[in-house]
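Read-outs throughout are calculated quantities, based only on the coordinates presented, and are distinct from any laboratory measurement. Just so we're clear, the structure is a prediction, and the values are computed from it rather than from any experiment. In this analysis, Cβ positions are derived from the backbone assuming ideal geometry, glycine residues included, and neighbour counts consider all displayed protein chains.
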Number of protein chains: 2
Amino acid sequence: MVLVSPRNPLNIGAAARALANFGFAQLTVVAPYEPHWDEARSAVGADAVLKNANRTGSLAEAVGHCTLVLGTGTLTYRKPEQPVVKLHHLAPLVEQEMARGGRIALVFGPEKHGLTREDLSWCHALVEIPTHPDQPSMNLGQAVAVCLYEIATASSRSASANLPESKAAASSAHLELLAGVIEQNMDAAGYSPTVMQQANRHDLRLLLRRLGPTERDTRRILGLFRRILWRLEKGPRGK
Amino acid sequence: MVLVSPRNPLNIGAAARALANFGFAQLTVVAPYEPHWDEARSAVGADAVLKNANRTGSLAEAVGHCTLVLGTGTLTYRKPEQPVVKLHHLAPLVEQEMARGGRIALVFGPEKHGLTREDLSWCHALVEIPTHPDQPSMNLGQAVAVCLYEIATASSRSASANLPESKAAASSAHLELLAGVIEQNMDAAGYSPTVMQQANRHDLRLLLRRLGPTERDTRRILGLFRRILWRLEKGPRGK
């Protein structure tokens, strides 16, 4: 599980507690606010989960090894670019990913405003907790508990226990490598002006996650684009 | 939802927030610790749920009007006398009770030790949150959120949407009235010595909730026992 820039040390502790409650161990905290992070970790009775938590500077780094990245949040104030899955319909997706040996990351944004559009560009889907329109915003620690509960019980809920075996999905880091090479191709081919670069990377990320190439697909496409790039940079073939 | 003697005002607030998040409104607090109760209710930004919460002196009073009373807790330190239902298997039970027009209470014990054996004697079943053996005990606010989430999504999970219509269950208060009359019968019939009274009431409560008589059943059985009691107290019929 990944917490992006959490502020409240009580929430960090509560998230760690929920992980332990449902038998999970891996917590990564992205760019925490230092004083509160130290406070949470040094709290009396801090869980082993918290003591062993990773810390990274970016979300990209935190989810680099993962094959299914799930953002969380409410949809009240945003129109998501990713597919939206209701939390109570998540079980088959989780089951399938586990069955093919994937690594899942569940990502929570800061308390105040949740995940940004940039954060979400690393996500394959947005998980929506079905809260009431009158009070859609959940406390972070409680949202974490509800999501982990759903994932922990997914295997005993999922009707489709015998899913067909499918190939391993590409990791987040591998997809980003591909996006980078494609972007270089675009540049080299004069496909877009430099001012569009940021937007292109964002859209590329969304596209690649929507397509969901396997690790092998990704290697192949990467090979192709590297070859094209080499050709583009070398200039037109001499006759 | 019913909270029995909660201590931490943050937990009371978190429980109220979770109710609002999942579209529930009724919170009853049994015998709260006064200073913390006042603090929680007067907190800035306290939810409408908290401001409108009921307060009762006893759990019996809090669940009097309910037809399905569900206690919550972990099973680590106790051997329950009630049927145990795993939280993620609760949906059909909730659906059925709603379909027949019942009123459900979900009961949470104090943070330190949970519901007592006496508290549980008012419950038809004990709901077990499937936590990990290494860290079974959940934070109260998080446990509340997880349970309410499951109940709120029950209708969209339950495969058995077309349950046969069944009769309305007897309310908790009505069952207790019956238990009282049966006990009077036992006394009058010399069925048990006075020192056993407390134990009898406890066992009677468990038995009646296990049997689950409808409102009409309960009225009938009550009528029978009242008649027997009258006869017992009047003495043997004169020839």
Quiz item: For segment B:2-161, with only Lys/Arg (+1) and Asp/Glu (-1) charged at the beta-carbon, what is the dipole magnitude about the Cα centre, in debye rounded to 20?
Solution: 120 debye
Practice problem: Every other copy gets compared here: list the nm distances from the B:LEU211 label point (7 Å along Cα to Cβ) to its counterparts, shortest first, one decimal. | Solution: 6.9
Quiz prompt | Contour minus Cα-Cα distance for A:ASN54 and A:HIS89 (0.36 nm per residue) | solution = 9.7 nm
Self-check item: Per-pair calculated FRET efficiency, R0 = 35 Å: B:GLU34 and B:SER155 via Cβ, rounded to 0.05
Solution: 0.40
Practice problem: Only helices at least 30 Å long along their axis, Cα-based, and averaging -1.0 or more on Kyte-Doolittle count here, so list those DSSP H runs from chain A. | Solution: none
Quiz item: If the chain between B:GLU61 and B:ARG220 were fully stretched, how many nm would it gain, using 0.36 nm times the residue separation less the Cα-Cα distance?
Solution: 54.9 nm
Self-check item: Interchain or long-range residues, amide H under 5 Å from B:GLY73's placed H
Solution: B:VAL127, B:ILE129
Quiz item: Looking only at A:GLU215, A:GLU34, A:GLU176, which one moves most when chain A is put into a Gaussian network model with springs between Cα atoms under 10 Å?
Solution: A:GLU34
Quiz item: What does the helix-only formula give at 222 nm for chain B: each DSSP H stretch with n ≥ 4 adding -39500 (n - 2.57), the total divided by the residues, and the result rounded to the nearest 500 deg cm²/dmol?
Solution: -14000 deg cm²/dmol
Practice problem: Between copies, how far apart are the A:GLY23 label points? List them in nm, one decimal, shortest first, with each point 7 Å from Cα toward Cβ, please? | Solution: 3.1
Practice problem: Pop a pseudo-label 7 angstrom from the Cα along the beta-carbon direction at both A:ALA173 and B:THR116 and give the gap in nm to one decimal. | Solution: 5.6 nm
Practice problem: Along Cα→Cβ, 7 Å out, is where each label goes; now give me the distance between the ones at A:GLU81 and A:TRP230 in nm to one decimal. | Solution: 3.1 nm
Practice problem: Pop a pseudo-label 7 angstrom from the Cα along the beta-carbon direction at both A:ALA25 and A:ALA188 and give the gap in nm to one decimal. | Solution: 4.3 nm
